[in-house]
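Read the structure below first, then the notes.
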Amino acid sequence: MIVISQRVAKVTMQAKIQHPLISLLKERELWLMRRVRDYAMERDYTRYTSTLEEAWRVSIVGLTDSIAAAMDISEEPWELGPDDNFISDPVAAFGVFEAQKHRSRGITLEMFMGLMKYYRQAYLDLIDISFPIVQDEDCTDRDRFARFVERVFDRIEIAFCAEWSRKETVNSAVDELQTANRQITNEKNKFLTIFESLPIAVFVLDDQGHIVHMNQAGAQLIDQSATSGGHYYSCPEERIPFPWLADELSRFRESGDEMQSEYRIMPATGNECWVLARFRLVQDISFKFAGTLVIFEDITERKMAEEMRMRMGKLESIGILAAGIAHDFNNMLSVIVNNVWLAKKRLNKESLAYQDLEEAEESMQQAIELCNRFLTFSKGGEPFRRLTSVSRIVEESSAFLADYQDIVCKEEIADDILPVMVDERQIVLAMRSLFLNALEAMPNGGTITVAAKNLDLAAINSLNLGAGKYVEIAVADQGVGIPVANQSKIFDPYYSTKDFCSQKGLGMGLAICHSLIRKHGGHIVVESEPGKGTTMRLYLPTV
Amino acid sequence: MIDTCKILILCVDDEKNVLRSLERIFLDQEGYEVVTAISGAEALNIMEHQGPFRIVISDYRMPVMNGLDFLRAVQGRWPDTIRIVLSGYADSAEIKAALNDGLVYKLLAKPWNAEELLATIDGAVEICNLRNKDSLPGPITEHPVPKES
C-alpha cells in the first residue's frame, strides 16, 4: 500500500502541482457561482443577467482561468504600473473579450463594473473562509492570495474600461448595437419559432396558475382558432387562468418534484382527449422567470388503441366461452329434439301427450335459433373467403328494407370500388345487423345511407389494422343516436338499449357483426351523435 | 354378432348421449344396424375388425382427431363408405370444402331433423346400390356445392 501511494505521489509531482489557490477555485466553482448569483439577486442585477446556470458557470470559469493563467506566469501578485498595456495583457484578455460582448448587448459600463465588484467579492469571500488566519505572521497565504486575486481583477477591470473607451470603438458603438440588435432579434425569433412549432402543447404558468406563455399547440387547446405566435404577439393584458388540473398544479407547486401523469382533459374542440401531462419548474437559477412549465402530449390515439385492445380481448374471451357453451348446448338440444320427435312418432296424434310434445317443440325451435346465433358469434365458423363484390353484399343485406315504406335506402358506392376478400354469407349477415340497427333507430322512418369507398391504410393507423388496401362501408341513419358513454358497449353480447324479452337473441346482432368482421381481419367503428344519428363504419380487406 | 344382411351404420361422436339418440332413431327401422364410437380412433379400430360399414356418420368437432380428419382416414382405407358429417357448425368453410371435393357426401346440421336424417340415409343407400350395379366412377355427393370462379 505504501509503495503504491508513493508512486502515485511521484506521478502527481511530474504532472505538475496545481497551486492551492487554483485548486480551491476550481473545486468550488459551484460555490462561487451561487455566491455571485446571490449577490446579484440581492442587488437586483438579475433583472439583466442570464437565467441559465451554464451562462453563470462560463463566467466563473473565465475568471478562474484568468487567475490560473496569471499564476502560471508568476505567483507574485501582478502589481500595476503606469505604462502597462492592459489591452494586450494576457491576464486581462478576459476583460477585453467581455467588454466587446457586453457593450453590444446594451449593457452599460456602470452595470458591468458594478456586478464585477460582486464577482470579486465572491472570490475574496471564498479565500476568506478557506484559508486560516494565522496570528503573529505578517503575510499569510490568505493575504497573499487575496492580493493576487485583487490584482487580477484590477487588471481585468482596467482592460475592460480601456477597451470600452477606445476611440474607434466608441464611434462605431451605434453600428455595433444595431447589428447586435438584429442578431438578438433573429435569435429570439429562432427560439420563438421553435417554441411555436413544437407538436406538444407547452404552457408557462405563474404562481397563481395563470398562463404567461403558451405555444400554438397549447393555445389551440384553449381556442381552436389560435394561430402560430398568436399568444406571443397579442400580449394579452390579463393572463388567463390555466383551465385544467388545478389540484395537480397546486400539489406540484407545494412539492416542486417533477410530475408526470395521464389525464383526460376537455379542450376547446369539445372532444375529450387524453394527455400525458408533465410538470416542471422553469430552470432559472436567478428565479427571475420563476414559474411552472406544463407540457401536454396528446395520447388519445394510444389510449383508444389500448382500450380497444382490452375490448377485443374481452370480446374474444366471451367468444371462446360462447363457443364452448353453444357447442355443448347444441348437443343437448340435439338429443332433446331427436327424442321428442321419436316420442311423437310413437304416439297417437290425438293424445294429450302428443300435444304436450308439440308445445315443447315450439320452445325447442327458439332454443335452436338462439343457439345458432351463439355458434355464429363464436369461433365455430371460420370465414370461407372469396372475392365478392361490394354492391352485391349491400344489395343482399339491405333487400329486406324494401318492406318498410317509410324507410329510404340511399346507396353511394364509389365507381372504382374494389371487390372484398370475404365470406359472403357472413358479411351479408353482419351488414344485415347494421341495417336492422339503423331501422330500429328510426321508428318513425327516415333515410339510411350506405356508402362505400376504397381506402389505403398506412402501417400505423388509428384502426389498428395492418397496412394495405381496404374498403370502407358506412351505414348511416338519422335516428336517435347513441350516447358517447354507451358507444363502447354496443358490440358487447346482450347489450341492448331496447326492452328485453321482446325478442330472443336481442343484443346479439352487433356482437355477431363485430365478431364476423374481426374474423375477416377487418374492423368496425361507431360514430354517433345523440339526436343526429349513427354511422357504423366497417373496414374489410381487399386483395 | 352382427347381422350381415343389415346395412351397417357407424356413428361417431364424443358425446355419448348424442350416440344414444342416434341409436334410438333406428330402433324400429328395419334393415339397419347401428354401431357407435366415441372417437375417431375407436371408430377406425371398429371398422378394421367389423364391417363392412356402408355409412359413417361423424361429428365434426371432437378432441384429438376431428371429424374431417377421421373421414379422410376412412376415405383412404374404405373409399366406398358413404361419409356424412353431423355438425353444429353448418357454416364451417372446411366442411364446405370437404363437400366440394367429395370427402363428405352430406352435411347434416345439429340439432338434426330425424326425418331428414333417415331420408339422407335412404338416399345414400340407394346411390350405393346403383353404384354397385353400374360401377359409377369417382366420388359421389348428393348435392355438390357449385364451385365459384
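Computed values, structure above
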quantity	calculated
Candidate residues B:TYR89, A:TYR45: accessible-area rank, largest first, probe 1.4 Å	A:TYR45, B:TYR89
Interatomic Cα distance distribution for region B:7-135, bins of 5 angstrom, percent	2, 11, 23, 26, 22, 12, 3, 0
A:LEU321-A:VAL525 FRET efficiency (beta carbon distance; Förster radius 35 Å; 0.05 resolution)	0.90
Those GluC sites (Glu not before Pro) in region A:330-418 that DSSP places in a loop and that have at most 15 other beta carbons within 10 Å	A:GLU350
For A:SER74, solvent-accessible area (1.4 Å; no DNA, RNA or ligand), Å²	40 Å²
Solvent exposure, largest accessible area first (probe 1.4 Å, DNA, RNA and ligands not counted), of A:ASP83, B:ASP13, B:ASP80	A:ASP83, B:ASP80, B:ASP13
Degrees, to the nearest 10: A:141-164 long Cα axis against longest axis of chain A	80 degrees
B:ARG61 accessible area, assembled protein chains, probe 1.4 Å, Å²	90 Å²
Aspartates and glutamates with Cα under 12 Å of A:LYS101, excluding same-chain neighbours fewer than 8 positions away	A:GLU163, A:GLU176
Backbone N within region A:276-295 under 18 Å of label point (7 Å from A:GLU258 Cα along the Cβ vector)	A:276-285, A:291-295
Summed residue charge, Cβ within 9 Å of A:LEU315's Cβ, Lys/Arg positive, Asp/Glu negative	+1
Rounded to 10°, Cα long-axis angle of helix A:29-42 versus longest principal axis of chain A	90 degrees
Helix A:173-197 vs. chain A, principal-axis angle (Cα, 0 to 90°, nearest 10)	20 degrees
Counting DSSP beta bridges with both ends in the protein assembly as shown, the antiparallel % (nearest 5)	65 percent
Share of carbon and sulfur in the accessible heavy-atom surface of region B:7-135 [1.4 Å probe, %]	47 percent
Region B:7-135: relative contact order as a whole-number percent, Cα under 8 Å and 6+ apart	21 percent
Solvent-accessible surface ranking, highest first, for A:PHE97, B:PHE26 at 1.4 angstrom	A:PHE97, B:PHE26
Region B:7-135: Lys pairs at Cα distance under 22 angstrom, eight or more positions apart or on different chains	4
Relative contact order (percent, whole number), chain A, Cα cutoff 8 Å, 6+ residue spacing	9 percent
Residue-level accessible surface for A:THR193, protein heavy atoms, 1.4 Å, Å²	80 Å²
Translational D in µm²/s for the protein assembly as shown (Stokes-Einstein at 20 °C, 1.002 mPa s, Kirkwood Rh from C-alpha pairs)	62 µm²/s
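The values are calculated or read from the model by the stated rules, or taken from the named source; none is laboratory data. Source: prediction; values computed, not measured. FYI the Cβ positions are ideal-geometry reconstructions off the backbone, even for glycines, and counts take in every protein chain you see. Quick note on the areas: whole protein, heavy atoms, side chains included, nothing else; ligands and nucleic acids left out. Shrake-Rupley method; radii C 1.70, N 1.55, O 1.52, S 1.80 Å.
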